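Enquirer: Can you keep this structure in mind? I'll have questions shortly.
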Amino acid sequence: MGLIKMSRWDPAVVVPMCGTGVLVTSVALEVLYVLLSNPSAAQLPLLLFASYLLFNVLGNMLKFVQTNSTIAGVFLEHDNVGQGWLYCYTCQTHIPPRCHHCYTCNVCVLRRDHHCTLLGKCVGFSSYRYFLCTLFHGWLALLLATILNADIFIGLLHEGLSLHSFFLLLMPWMMLILGQVKASTFIFAFVADTCIVGFLFCFAFLTFHLILLSRGTTTKEWFGGHATEYDNGWKKNFKNFLGERWYLVWLSPWIQSRLPGDGINFELGHLSTTVPSMKSTQ
């Protein structure tokens, strides 16, 4: 179980990835412009740091899309049916515990967490590491971009807190359509807004998923009332979700970190007192 080659261009993945890629590119180019237009002693270190963050964001996005967390091509031993296995009528097969069907991907996903709209695929057993690292480096990159854009915000507010500056910061598209701002001003305002909204979004999601990770649970299990069922202590939880080298995966998406287990069988947590029962799902 691991990386698979994409046999065709799936619009459900390509379209969201293109949209996300445009946002990433716009922020990266704007940060590059700000750094190059303001020479200082910190220019080179900031350029190197920004390049490193961009490398990790794009690399983890690529790895996420290439990684297969579905049951496609996975041999499911039906001898274990009855020990927490479900039946998916859409895929017409029995599926192991923590595996759920995604109606967007139209396939069952091993240890499914949720469907990532921005990346066009489900976050599951093999791809969780790349999703979390994309969030982490995206948060750092947007924090850096927001700090670098502080002067731009000050420039946009040069006339004080007026209706013009208020709408420019909140609805730059409307101001552009109405002809109230130049195209260059709109671009800077739009990218600056993207940095702030993206930073807050990444911060909230990263915080939430770090809490889930420390408890060894998924988003679906958290909201389904099974948050402690697979909790084996924070250190083992990190290893189960990020691999044996969980402490190094943050440095580069190309660092190998073998996941323990097969995505089918999971060790119940020390606090768990229940064993999954046989159910049916559609």
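The values are calculated or read from the model by the stated rules, or taken from the named source; none is laboratory data. This structure is a prediction, so every number in the text was calculated from the model and none was measured. Counting neighbours? That spans all protein chains shown, and the Cβs are built from the backbone with ideal geometry, glycine included. Please note that ligands, DNA and RNA were not included when accessible areas were found on the heavy atoms of the full protein model with its side chains. Shrake-Rupley method; radii C 1.70, N 1.55, O 1.52, S 1.80 Å.
Enquirer: May I ask you to derive the FRET efficiency for residue 220 and residue 147 from their Cβ-Cβ distance with R0 = 30 Å, giving the value to the nearest 0.05?
Expert: 0.25
Enquirer: Would you tally the net charge around residue 124, using a Cβ to Cβ cut-off of less than 9 Å, leaving residue 124 out, and scoring K and R as +1, D and E as -1?
Expert: Numbers: positive: 111, 112, 121; negative: 113.
Spelling it out: positives minus negatives among the neighbours equals +2.
Enquirer: Let me ask something else about it. Return the distance in nm (one decimal) between the two label points of a simple spin-label model at residue 47 and residue 236, each offset 7 Å from Cα along Cα→Cβ.
Expert: Rounded to a tenth, the inter-label distance reads 4.9 nm.
Enquirer: Can you figure out the FRET efficiency of residue 93 with residue 267, using R₀ = 30 Å and their beta-carbon distance, to the nearest 0.05?
Expert: 0.80
Enquirer: Further question on the same structure: Long-range amide H contacts for residue 122: which residues qualify at under 5 Å (H placed 1.01 Å from N, peptide plane, sequence gap of 5 or more or a different chain)?
Expert: For residue 122, the qualifying residues are 116.
Enquirer: Considering only protein heavy atoms and a 1.4 Å probe, what is the carbon-and-sulfur percentage of the accessible area of the stretch 1-150?
Expert: The computed percentage sits at 67.
Enquirer: Going by amide H atoms built from the backbone, whose H comes under 5 Å of the H on residue 109, apart from near neighbours?
Expert: Result for residue 109 returns 100, 101, 102.
Enquirer: Let me ask something else about it. Can you check what the net charge comes to around residue 37, using other residues whose Cβ is under 15 Å from the Cβ of residue 37 (Lys, Arg +1; Asp, Glu -1)?
Expert: So the surrounding residues net to -2.
Enquirer: Quick one: what are the phi-derived ³J(HN,Hα) couplings along the stretch 128-145, Karplus 6.51/-1.76/1.60 with θ = phi - 60°, whole Hz, x for glycine and proline?
Expert: These are the phi-based 3J(HN,Hα) values: 4, 4, 6, 5, 5, 5, 5, 4, 5, 6, x, 4, 5, 5, 6, 5, 4, 5 Hz.
Enquirer: Around residue 236, with a cut-off of 12 angstrom between Cβ atoms, what is the net charge of the other residues, counting Lys and Arg +1 and Asp and Glu -1?
Expert: 0
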